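Sharing a structure below in structure tokens format, with a few things to ask.
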Amino acid sequence: MKKIVILLFVGIILLSCGPAQVLPNDWRDTRLKGKVRQLCHSTYDSLVQDRIAEKAVPRLERCTRYTKKGYHSEITTAHNGIPTTRELYRYDSKGILIGYTIDQLAAERLKSYAICYKNDTLKKESIRYYYPNYSHKSFQWKTIQVRDIHGNLISIAEYTPRGELTAQRQQAFDEHNHCVIQRLWQKSPANLHQQFTYKNDFNGNPLTQIEGEGAYSGLTYRDAATKLWIAQSIPETTTTFTYQYDTKGNWIQRTAYSQNGMVQYIEKRTIDYY
């Protein structure tokens, strides 16, 4: 799918210091069928006659390993063939996340945080407080995740210790629990607003993506020379997709087409099962 801004939280080591709500696993959130052990997702821009060029290096590659209960155990990423990050996850016997580390390979940097959970089962809300260097004197930021009665993630937001909202992703789902609208907002660097509207197939995979529909999409930035705040809209664009599936019903190749019918990029997924 088209490159978009997503909530990205700094590399962390997580420790639960309170009871955490067990949420739907990562198989479900990624809409995977079957007991997936590993999924490697590659995006190619090097195309020849609408096919992946021979010996092409993916622009982006992300390999995810899952536990037998369907949770992330390891994620590695690479850009243009160069490894960039490696993430490791640890869980207790109930499937609750108790440890997370990320090695930012390109920057040779590792940061550590402790985490405490606070959950409201009535609101279907999960709050995580992030404490740097395992210190519980003051948290550096917090995130709030909200799910609907069906377990769909409808909101994830990031706040400063003073309660200032810095980033948010909101999602709306249809009666089939398929995402039909996604709204993204990020304060830095340019107060970016984006909206994506989807029409999906029976598996919940987008057949059509409209970016910039409605007045929500746009960005606001401060001009360096004039020091004035400038509002800029994002033009509406439509992307369509076609798929190839494996025997489990998971897609293994997705081709993205622009509004004029030209191939923009091709994504391939290699999936191994337990």
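Between GLU54 and ASP246, what FRET efficiency comes out of the Förster formula 1/(1 + (r/R0)^6) with R0 = 22 Å and r the beta carbon distance, rounded to 0.05?
Here the calculated transfer efficiency is 0.40.
Which of the GluC sites (Glu not before Pro) found in the stretch 29-90 are loop residues per DSSP with 15 or fewer other Cβ atoms within 10 Å of their Cβ?
Details: sites: GLU54, GLU61, GLU74, GLU87; in loops: GLU54.
The qualifying sites are GLU54.
Which length gain, in nm to one decimal place, applies between GLU175 and TYR273 when the Cα-Cα distance is subtracted from 0.36 nm times their residue separation?
32.4 nm
Could you pull out the pairs from LYS55/LYS248; LYS33/LYS68; LYS33/LYS69; LYS33/LYS94 whose alpha carbons sit more than 20 Å apart here?
Check vs 20 Å cut-off fails for LYS55/LYS248; LYS33/LYS94.
Determine, for ARG147, ARG128, the number of other Cβ atoms within 10 Å of each Cβ, and report the residues in order from fewest to most.
ARG147, ARG128
Spelling out what I want: for every residue of the stretch 144-160, take phi, set θ = phi - 60°, compute 6.51 cos²θ - 1.76 cosθ + 1.60 (Karplus), and round to whole Hz; glycine and proline get x.
These are the phi-based 3J(HN,Hα) values: 10, 10, 10, 10, 7, 5, 9, x, 6, 6, 9, 7, 9, 9, 10, 10, 7 Hz.
When we measure straight from the Cα of LYS124, which aspartates and glutamates land under 14 angstrom away, once same-chain ones fewer than 8 places off are left out?
ASP148
Only loop residues by DSSP count here, and only those with at most 14 other Cβ atoms within 10 Å; note down the chymotrypsin sites (Phe, Trp or Tyr not before Pro) in the stretch 115-167 that meet that.
TYR134
Per residue of the stretch 169-176, in order, report the coupling 6.51 cos²θ - 1.76 cosθ + 1.60 (Karplus, θ = phi - 60°) as ³J(HN,Hα) in whole Hz, putting x for Gly and Pro.
With coefficients 6.51, -1.76 and 1.60, one gets 10, 10, 9, 10, 10, 8, 5, 9 Hz.
Give the long-range amide H neighbours of GLN264: residues separated by 5 or more places, or on another chain, with amide H under 5 Å away, using H modelled in the peptide plane at 1.01 Å from N.
When sequence neighbours closer than 5 places are left aside, the close amide H contacts are ALA256, TYR257, SER258.
Each reported figure results from applying straightforward, stated rules to the coordinates on display, with no laboratory input. In this text the structure is predicted, and so the values were computed from the model without any measurement. Every residue, glycine as well, gets a Cβ built from its backbone with ideal geometry; the counts of neighbours run over all protein chains shown.
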